[in-house]
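Colleague: Attaching a single structure in structure tokens format; questions to follow.
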Amino acid sequence: MSTLGYLLIGFFLPLFPFSIGFNALLTRVTNLPLRLILLLAWPQIGLLLLAQTDGAPPAWIVTWAMATSLLYSLRLLAVRELGRWIAFLATAAWGLLWLLPAAQAALHALWFSLPLLLLALLTASLERRFGGAYTGIYQGLAQAMPRFSAVLVITVLAAVATPPAPTFFSMLSAFLNATPGLMSGLVAVWLLWTWAAARLLQGLIVGPGTCEAAVDLERAGAWTYTAALLTLVVGGAVFSGGVA
Amino acid sequence: MDKLILLLPAVPLASALLILLTAGTRTVVARISIGAATLTFLLTAILLGISLGGAETRVFALFGERTAGSLMFDPLSSLMALVIAGISLIVHVYSVRYMAEESGYARFFTLLDLMTAALLVMVAAADLLTLLVAWHLIGVLLYFLLGQDTRSQSAYRYGFWTLITYRIGDLPLVIAAVLLYQAFGTWSLAAIFDGIALNPHIQTYFGLPLAEVVAALIALAAFARSAQFLLHTWLPYTMEGPTPVSALMHAGIVNAGGFLINRFAAIYVHTGGVLHWIFVVGLVTAIIGSVLMLTQNDVKKSLGYSTMGQMGFMIMECGVGAFSLAIYHLIAHGVFKGTLFLSAGTVIGEARQNDGVPKDDLYTFVVQRRPARSRQPWLLMAAITLAVPIVVLVLAHWLVAEDFFQKQGAVVLLFFGWVTGAQLLFSTYRMQSENPLRLIALIIFSFTVVVLGYTMISHVFDVFLYPDEQFRASIYAAAGIDLRWFDALVGIMSVVIVVGWLRAYYAERNAGVKRPGPVWLNLYALFSREFYIVDLYSRLTRALLSVAERLNVWLRWV
């Protein structure tokens, strides 16, 4: 495939600066269903286009994708708005799809997208309650909304490849297909995700609880999220648990 | 019966699930959790009994050969499972009342049960995927246990130090697992160990020997988990969590490094340089941990550094090839440190009523710092100090293994025993006592009992964990260095120790009032500021966050 073709794919399987397109789009779209569709479909379009190419992508593209992933992982550290946090993490995660073998990439894209989908739902829920979803402005969600906080914590952990979430197996798969240089990039990316997740959770759930008036997630809602996360874990174990 | 190992993680997992589903009162939560912890402990006791009876190693795959989820029944897993279940049960029972007035009671016990399950899976994991899942989860669960008080920002801040250090250690283990998979095409530990035994010189990227590279990566993972120097800052600072969590952490979790090295003994036996490196890191950690422990004026931090020093010694034991001794050490340290943490509250409470310190020789020496008015002849005491410990140590070791002097690692550890014993006797020289000879006799007797006990038990551990005598010898051989160099080092160390103690006695005899010089004061400042390592890490962290912020501003947040 021509360089131009790869650059086109770079819009969907993010390559900086083409990644700016997706990030600008996601942060401007306020319609929730549309946001969810974007999170689910965007990398799949890229993978469909990539499937039209003959053979594996050239090494320079893979290195570029790794650098993009690193850039957005680093930038993730300083993001306080949950919607943007999702966009940056999606960019960083989908960049890694360039490393994965074509046969499994669609499944791994799904594993990366699904926790972000749940996170987008939770973000919308926070925005409905408080008018915005920023860290630091309503510290202490764990005190005021324990059920919501529990679901949020587990979803964020699933998004940043914490086992037994399927994203963990996707990361392992990326390691298996990486050269030593790319492996060190993956190490840095994973480390930055953990750091960013801890900063996000610390800014949202930890604190004296200054928003007591907030209404917590209903029991049924919490169980629905739990069921979705459990399905994700079981699905990941069944389809990707044997990482190869 | 050995299939019971499958139940080990299942019981605490079921307990965690039951607590979540029932959402019962505190009494119900405590009953469910302690019931499960007791059952788990009983199961581990049965399993250890079976293992002691000579049962063979077996692997049970839960979801088939290709997926994660296989557990191994072998001496190491059965012994470690008993230790974990025992400490977990004690922590559970202690927490029932300790946490009674805290919020998040059910959450705490759920996390405690999940942590127990993760630890049990870690020690019984029969494949690399299961091991990785459990290894990662422990760090995450510990982060939330340390942050049990969700109102406390500082608890989470220091909990984060633990999480990120653990993640720094998790990732080398991931790379090691990947390299092993790429070489042997399987995640199964048994198959990998067989593969490496058949082809120990197999190479990986850049033509590097696979065994050495993997062993070094596993050692890095162990260093982070066991708070080795430069990866240690999380340990003395994570005291904001509840006391039972501190006990669990210092008595159990931090010891995982020693376990990990033992689990991969079949790989370390084909290495050499890595074990020397492990020895050096352990030695440096033991020394720095002990020095920082002595120079801290914060009791909790001091305890943290004490654990760091002990972990250094444990890792060092691995470095000299005394793998099973490291397991014995981690169990002994776990019991001792767990007791210290769990009884701290009672001690403080009692001390408020009565200091409870007997006004005996030890009190006048340690607390009142009154040295003896009359002393024994210094040369005689120096001779006793140097001769007695070495005689006791050599006899004790000779009793359990006649070929003791063939093992370089054992000889290295002997030096530490010698120095420790000598230090003990040196104290008597400075103590005020009506009957100094009786005091010396008692100390020598105690020292002999401790050394005999330590030697015998460690020998039993050696035979139980590594029944193959040839394999035991191979580990020591892998850790060995060239004999001429070793003999030269032994000679130099012996001279240093003998001259050092003679000088110490001589200086003590002629001791006068002398102000410490500027070098000592600067050194003390360096120790008390913990070598500025925490400051350095904080500065690096702030710099990285600042770069991230600037990048976001330049790129308009898209």
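Colleague: Tally time: how many residues in the stretch B:307-359 are in contact (Cβ under 8 Å) with a residue 60 or more places away in the chain and over 30 Å from residue B:414 (Cβ atoms)?
Modeller: 4
Colleague: Quick check on the stretch B:24-59: of everything there that is of a type in the set (S, T, N, Q) and under 20 Å from residue B:13 (Cβ atoms), which residue is surrounded by the fewest Cβ atoms within 10 Å (Cβ to Cβ)? Even if it seems obvious, please write down each step before you answer.
Modeller: First, pick out the residues of the stretch B:24-59 that are of a type in the set (S, T, N, Q): B:25, B:27, B:33, B:38, B:40, B:44, B:51, B:57.
Keeping just the survivors that are under 20 Å from residue B:13 (Cβ atoms) gives B:33, B:38, B:40, B:44.
Numbers: B:33: 27, B:38: 15, B:40: 29, B:44: 27.
Checked the stretch B:24-59; the qualifying residue surrounded by the fewest Cβ atoms within 10 Å (Cβ to Cβ) is B:38.
Colleague: Assigned to a helix (DSSP H, G or I) and closer than 25 Å to residue A:198 by Cα, is that true of residue A:11? Write out each step before concluding.
Modeller: Details: assigned to a helix (DSSP H, G or I): yes; closer than 25 Å to residue A:198 by Cα: no.
Here the answer is no, as residue A:11 does not meet what is asked.
Table: residues versus (1) within 14 Å of another protein chain (Cβ to nearest Cβ); (2) hydrophobic (A, V, I, L, M, F, W, C); (3) in a loop (DSSP other than H, G, I, E, B).
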position: B:516; (1), (2), (3): no, no, yes
position: B:521; (1), (2), (3): no, yes, no
position: B:525; (1), (2), (3): no, yes, no
position: B:536; (1), (2), (3): no, yes, no
position: B:541; (1), (2), (3): yes, no, no
position: B:544; (1), (2), (3): yes, yes, no
position: B:551; (1), (2), (3): yes, yes, no
position: B:558; (1), (2), (3): yes, yes, yes
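Colleague: Among the listed residues A:180, A:208, A:166, which satisfies the condition of being surrounded by fewer than 20 Cβ atoms within 10 Å (Cβ to Cβ), in contact (Cβ under 8 Å) with a residue 60 or more places away in the chain and out of contact with any strand residue (DSSP E or B) (no Cβ under 6 Å at 6 or more places or on another chain)? Step through it out loud before you land on a result.
Modeller: Details: A:180 fails: in contact (Cβ under 8 Å) with a residue 60 or more places away in the chain; A:166 fails: surrounded by fewer than 20 Cβ atoms within 10 Å (Cβ to Cβ).
After ruling out the rest, the residue left standing is A:208.
Colleague: A follow-up question, please. Determine whether the stretch B:296-303 contains at least one residue that is in a helix (DSSP H, G or I) and buried (at least 24 other Cβ atoms within 10 Å of the Cβ). Reasoning before the result, please.
Modeller: Taking the stretch B:296-303 and keeping what is in a helix (DSSP H, G or I), we get B:299-303.
Restricting the remaining residues to those that are buried (at least 24 other Cβ atoms within 10 Å of the Cβ) gives none.
No, the stretch B:296-303 contains no residue that is in a helix (DSSP H, G or I) and buried (at least 24 other Cβ atoms within 10 Å of the Cβ).
Colleague: Taking the condition of being under 17 Å from the mean Cα position of the chain (by Cα) and assigned to a loop (DSSP other than H, G, I, E, B), how many residues in the stretch A:30-50 meet it?
Modeller: Number satisfying all stated conditions: 0.
Colleague: Would you check which residues across the stretch A:120-169 are within 30 Å of residue B:175 (Cα to Cα) and of a type in the set (Gly, Ala, Ser) and list them?
Modeller: Selection gives A:158, A:159, A:161, A:165.
Colleague: For a quick check of your reading of the model, give me the residue pairs whose first member lies in the stretch B:79-105 and is surrounded by fewer than 24 Cβ atoms within 10 Å (Cβ to Cβ), whose second is in a helix (DSSP H, G or I) and among the hydroxyl-bearing types (Ser, Thr, Tyr), with beta-carbon atoms closer than 6 Å and at least 6 apart or on different chains.
Modeller: If the second residue must be in a helix (DSSP H, G or I) and among the hydroxyl-bearing types (Ser, Thr, Tyr), the pairs left are B:82/B:44; B:99/B:105.
Colleague: For the structure I just gave you, tell me whether residue A:147 is free of Cβ contacts under 8 Å to residues at least 24 places away in the same chain, within 14 Å of chain B (Cβ to nearest Cβ) and basic (Lys, Arg). Please lay out each step first, then the result.
Modeller: Working: free of Cβ contacts under 8 Å to residues at least 24 places away in the same chain: no; within 14 Å of chain B (Cβ to nearest Cβ): yes; basic (Lys, Arg): yes.
Here the answer is no, as residue A:147 does not meet what is asked.
Colleague: Here is a list of conditions, (1) farther than 20 Å from residue B:14 by Cα; (2) touching an Asp or Glu at 6+ places or on another chain (Cβ under 8 Å); (3) within 14 Å of another protein chain (Cβ to nearest Cβ), and residue B:73 meets all of them except one; can you say which number that is?
Modeller: (3)
Colleague: What are the residues in the stretch B:200-248 that are assigned to a loop (DSSP other than H, G, I, E, B), closer than 19 Å to residue B:536 by Cα and in contact with a Phe, Trp or Tyr (Cβ under 9 Å, 6 or more places away or on another chain), if any? Reasoning before the result, please.
Modeller: Restricting attention to the stretch B:200-248, the residues satisfying the condition of being assigned to a loop (DSSP other than H, G, I, E, B) are B:200-202, B:204, B:208, B:226-233, B:238-242.
Still in the running and closer than 19 Å to residue B:536 by Cα: B:227-233, B:238.
Across the stretch B:200-248, the qualifying residues are B:227, B:229, B:230, B:231, B:232, B:233, B:238.
Colleague: Another question, then. Do we find a residue being small (Gly, Ala, Ser) and within 13 Å of chain B (Cβ to nearest Cβ) anywhere in the stretch A:112-134? Break it down into steps so the answer makes sense when it comes.
Modeller: From the stretch A:112-134, those small (Gly, Ala, Ser) are A:113, A:120, A:124-125, A:131-133; that's our starting set.
Those left that are additionally within 13 Å of chain B (Cβ to nearest Cβ): none.
The answer is no, given that none of the residues of the stretch A:112-134 is small (Gly, Ala, Ser) and within 13 Å of chain B (Cβ to nearest Cβ).
Colleague: Shifting gears a bit: Exactly one condition in (1) of a type outside the set (D, E, K, R); (2) within 11 Å of another protein chain (Cβ to nearest Cβ); (3) over 21 Å from residue A:106 (Cβ atoms); (4) not in a loop (DSSP other than H, G, I, E, B) is false for residue A:91; which is it?
Modeller: Result: residue A:91 fails condition (3) only.
Colleague: Would you confirm whether or not the stretch B:191-211 contains a residue that is more than 11 Å from chain A (Cβ to nearest Cβ), within 29 Å of residue B:248 (Cβ to Cβ) and touching a residue at least 12 places away in the same chain (Cβ under 8 Å)? Let's see the steps before the verdict.
Modeller: Going residue by residue through the stretch B:191-211, those that are more than 11 Å from chain A (Cβ to nearest Cβ) are B:191-203, B:207, B:209-211.
Still in the list and also within 29 Å of residue B:248 (Cβ to Cβ): none.
No, the stretch B:191-211 contains no residue that is more than 11 Å from chain A (Cβ to nearest Cβ), within 29 Å of residue B:248 (Cβ to Cβ) and touching a residue at least 12 places away in the same chain (Cβ under 8 Å).
Colleague: Looking at (1) under 25 Å from the mean Cα position of the chain (by Cα); (2) modelled with pLDDT of 95 or more; (3) within 12 Å of another protein chain (Cβ to nearest Cβ), find the lone condition where residue B:180 falls short.
Modeller: (1)
Colleague: Here is a further query. Looking for whichever is surrounded by 12 or more Cβ atoms within 10 Å (Cβ to Cβ), of a type outside the set (S, T, N, Q) and modelled with pLDDT under 90 here; the options are B:484, B:509, B:550. Which one fits?
Modeller: Numbers: B:484 fails: surrounded by 12 or more Cβ atoms within 10 Å (Cβ to Cβ); B:550 fails: modelled with pLDDT under 90.
Matching residue, one of B:484, B:509, B:550: B:509.
Colleague: Just checking, does the stretch B:153-166 include any residue being at the interface with chain A (Cβ under 7 Å from one of its Cβ atoms), assigned to a helix (DSSP H, G or I), modelled with pLDDT of 95 or more and under 24 Å from residue A:176 (Cβ atoms)?
Modeller: Checking the stretch B:153-166: not a single residue is at the interface with chain A (Cβ under 7 Å from one of its Cβ atoms), assigned to a helix (DSSP H, G or I), modelled with pLDDT of 95 or more and under 24 Å from residue A:176 (Cβ atoms).
Colleague: Of all residues in the stretch B:4-26, how many are within 27 Å of the chain's Cα centre (by Cα) and basic (Lys, Arg)?
Modeller: Total meeting the criteria: 0.
Colleague: Output the number of residues of the stretch A:43-68 satisfying the condition of being within 14 Å of chain B (Cβ to nearest Cβ) and either aromatic (Phe, Trp, Tyr) or in contact with a Ser or Thr (Cβ under 9 Å, 6 or more places away or on another chain) (or both).
Modeller: Adding up the residues that qualify gives 1.
Colleague: Looking at residue A:40, is it under 14 Å from residue A:120 (Cβ atoms) and away from chain B (no Cβ under 14 Å)?
Modeller: Values: under 14 Å from residue A:120 (Cβ atoms): yes; away from chain B (no Cβ under 14 Å): yes.
So residue A:40 passes the test.
Colleague: Of all residues in the stretch A:217-244, count the ones that are within 13 Å of chain B (Cβ to nearest Cβ), touching a Phe, Trp or Tyr at 6+ places or on another chain (Cβ under 9 Å) and not small (Gly, Ala, Ser).
Modeller: Residues flagged as within 13 Å of chain B (Cβ to nearest Cβ), touching a Phe, Trp or Tyr at 6+ places or on another chain (Cβ under 9 Å) and not small (Gly, Ala, Ser) within the stretch A:217-244 amount to 3.
Colleague: Take the residues of the stretch B:106-145 that are in contact with a strand residue (DSSP E or B) (Cβ under 6 Å, 6 or more places away or on another chain) and away from every other protein chain (no Cβ under 12 Å): which is surrounded by the most Cβ atoms within 10 Å (Cβ to Cβ)?
Modeller: Residue satisfying both the conditions and the ranking: B:124.
The values are calculated or read from the model by the stated rules, or taken from the named source; none is laboratory data. Because the structure is a prediction, the values reported are computed rather than measured. Note that each Cβ is placed from the backbone with ideal geometry, even for glycine, and that neighbours are counted across all protein chains shown.
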